[in-house]
Amino acid sequence: MKTYDIVSIDGDGIGPEVCQAAIRVLRQACGEKRLNISPYPGGARHYQRSGQVLPEETYQACRQSDAILHGAAGMPGIVYPDGTEVGNDLHLQLRFKLDLFANVRPIRLYRGVRSTLADWQPGQIDYVIVRENTEGLYASRGAGTNLRGEVVTDTLVMTRKGVERVARFSFELARRRKGAPRDGKRRVTVCDKANILRSYAFFRAVCDEVAREFDDVEIDYAYADAITVHMLKRPDFYDVIVAENMFGDIISDLGAGTVGGLGIAPSGELGLDHGLFQGAHGSAPDIAGQDRASPLATILSAAMMLRWLGDRHADEALVQDAARIETAVETVLAQGMVVPADQGGSARCSEVTEAVCRLLG
Ligand code: IPM
Ligand code: MN
């Protein structure tokens with residue numbers, strides 16, 4: 001039976017406790033032998049001690065790994081001279097160096113979770129935001145200009161290669177899904193501001209070209225401002241949304257907010273040869289080390305990791321393990337006995353983790 005080399009990077013703040021919680025669940029689900037999980041350092045605190053936010057040893061291990069599981073990174077106050085946060089470079093360097101071009105963010109309302117959108121029920125909100133993850137406005141990370149403290153610029157960059165591949169990924173994802181809850185239609189919604197900027201008009205035009213390869217998937221369009229209203233008023237219309245990097249960053253938090261918040265929002269950052277899996281939340285330093293964080297976003301991200309590995313290696317057992325973890329999380333939430341604080345309960349990180357593990361047998 002194939003074993004997989006996983007790099008784990010605890011990171012900062014609540015990162016260690018949620019990452020270790022997810023590893024505990026992975027071992028419960030897959031057994032001790034399937035996953036060789038090796039911890040590596042990185043993040044803002046590591047930078048404070050060593051001057052390196054992503055040590056070369058960590059990067060090389062990630063490059064050679066089957067997948068990467070990450071807790072969280074970033075600490076307020078640990079910033080570069082230009083004012084940007086150091087810890088975020090752990091994600092960003094891995095995204096750019098490993099070319100993790102599709103940031104996949106499921107937005108799904110689980111049983112037992114109250115949506116902030118009144119009257120929407122589990123099953124009615126179930127879509128995926130695919131955020132282009134290597135260019136867009138983020139291409140200017142560390143490259144913006146600051147002219148004498150008077151004029152600053154950050155440039156939005158798009159390439160045909162970058163837009164084509166994230167669009168094709170999105171249409172292929174929609175082809176594998178069962179369609180939007182509202183009408184069962186396989187649909188890709190292109191989120192942009194094509195009405196205003198040429199770069200977004202280019203984004204839309206390239207998505208249109210790719211759409212012609214998928215006559216079984218409908219293409220739909222929404223401006224980035226308008227989609228924030230649609231995501232609140234008609235979330236069941238959406239199946240897959242594809243967006244440029246910065247827009248994807250913003251609307252994925254809005255989407256998470258409609259299905260329980262960032263504490264239950266997983267993410268998978270995928271390239272052709274690598275995958276980085278982490279909760280979509282931050283390092284929450286205010287509750288770090290108190291066993292108060294919800295581990296569910298990272299546990300669901302770990303399930304995404306198993307499913308991705310299982311699909312890539314035709315390893316059905318791993319896909320089944322992923323499904324068992326997702327079902328265990330949903331059961332814990334639906335039972336309502338062990339509820340994390342961000343969902344209105346008082347259960348500790350360790351208690352939620354053990355409740356999930358108990359259901360995994
Ligand atoms: C996210 C986060 C990151 C981003 C930060 C932590 C670098 O907000 O993954 O959504 O801005 O992409
Ligand atoms: Mn974000």
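Tabulated results
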| read-out | value |
| --- | --- |
| Pairs with Cβ under 6 Å, 6+ apart, first in region 121-145 and over 16 Å from GLU269 (Cα atoms) and assigned to a strand (DSSP E or B), second at pLDDT 95 or above and within 16 Å of ligand 2 (Cβ to nearest atom) | TYR127/ILE107 |
| Qualifying residues in region 277-320 (those that are of a type in the set (A, V, I, L, M) and within 17 Å of VAL259 (Cα to Cα)) - the one nearest to ligand 1 (Cβ to nearest atom) | ALA280 |
| Qualifying residue in region 99-109 (condition: at pLDDT below 95, of a type outside the set (Ser, Thr, Tyr) and more than 10 Å from ligand 1 (Cβ to nearest atom)) | no |
| In region 80-129, the residues that are among the aliphatic types (A, V, I, L, M) and out of contact with any helix residue (DSSP H, G or I) (no Cβ under 9 Å at 6 or more places or on another chain) | ALA118 |
| Any hit, region 232-255, residues being modelled with pLDDT of 95 or more, surrounded by 23 or more Cβ atoms within 10 Å (Cβ to Cβ) and on the phi > 0 side of the Ramachandran plot | no |
| Entirely in region 7-118, the strands (runs of 3 or more DSSP E) that have 1 or more residues that are under 19 Å from the mean Cα position of the chain (by Cα) and closer than 27 Å to THR331 by Cβ | 67-72, 102-108 |
| SER294 vs. criteria within 16 Å of ligand 2 (Cβ to nearest atom), assigned to a loop (DSSP other than H, G, I, E, B), over 25 Å from ARG168 (Cβ atoms) and modelled with pLDDT of 95 or more | no |
| Check on GLN278, outside any helix (DSSP H, G or I), surrounded by fewer than 17 Cβ atoms within 10 Å (Cβ to Cβ) and among the polar types (S, T, N, Q) | no |
| Residue list for region 169-193, restricted to those being surrounded by fewer than 19 Cβ atoms within 10 Å (Cβ to Cβ), farther than 18 Å from ARG105 by Cβ and not acidic (Asp, Glu) | ARG175, LYS178, GLY179, ARG182, GLY184, LYS185, LYS193 |
| Residues of region 158-167 satisfying the condition of being crowded, with 17+ Cβ neighbours inside 10 Å, touching a helix residue (DSSP H, G or I) at 6+ places or on another chain (Cβ under 8 Å) and not small (Gly, Ala, Ser) | MET158, VAL163 |
| Output for region 62-90, where each listed residue is under 17 Å from LEU272 (Cα atoms) and within 16 Å of ligand 2 (Cβ to nearest atom) | none |
| Any hit, region 297-313, residues being more than 18 Å from ALA29 (Cβ to Cβ) and part of a loop (DSSP other than H, G, I, E, B) | no |
| Answer from LEU270, LEU276 - the residue that is within 16 Å of ligand 2 (Cβ to nearest atom), at pLDDT 95 or above and over 17 Å from LEU360 (Cα atoms) | LEU276 |
| Subset of region 284-303 (residues that are surrounded by fewer than 24 Cβ atoms within 10 Å (Cβ to Cβ) and touching a residue at least 24 places away in the same chain (Cβ under 8 Å)) | ALA284, PRO285, ILE287, ALA288, GLY289, ASP291, ARG292 |
| Among (1) in a loop (DSSP other than H, G, I, E, B); (2) out of contact with any strand residue (DSSP E or B) (no Cβ under 9 Å at 6 or more places or on another chain), the one test that SER350 misses | (1) |
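Matching residues to (1) farther than 30 Å from GLU17 by Cα; (2) in contact with a helix residue (DSSP H, G or I) (Cβ under 8 Å, 6 or more places away or on another chain); (3) within 16 Å of ligand 2 (Cβ to nearest atom):
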{"site": "PRO181", "(1), (2), (3)": "yes, yes, no"}
{"site": "GLY184", "(1), (2), (3)": "yes, no, no"}
{"site": "ALA201", "(1), (2), (3)": "yes, no, no"}
{"site": "VAL206", "(1), (2), (3)": "yes, yes, no"}
{"site": "GLU218", "(1), (2), (3)": "yes, no, no"}
{"site": "LEU254", "(1), (2), (3)": "no, yes, yes"}
{"site": "ALA265", "(1), (2), (3)": "no, yes, yes"}
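Yes/no matrix, rows are residues, columns are (1) touching a Lys or Arg at 6+ places or on another chain (Cβ under 7 Å); (2) part of a helix (DSSP H, G or I); (3) among the β-branched types (Val, Ile, Thr); (4) away from ligand 1 (no atom under 11 Å from the Cβ):
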site: VAL242; (1), (2), (3), (4): no, no, yes, yes
site: ILE251; (1), (2), (3), (4): no, yes, yes, no
site: GLY260; (1), (2), (3), (4): no, no, no, yes
site: GLY268; (1), (2), (3), (4): no, no, no, yes
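The values are calculated or read from the model by the stated rules, or taken from the named source; none is laboratory data. What you see is a predicted model, and the numbers here were worked out from it, not measured in a lab. FYI the Cβ positions are ideal-geometry reconstructions off the backbone, even for glycines, and counts take in every protein chain you see.
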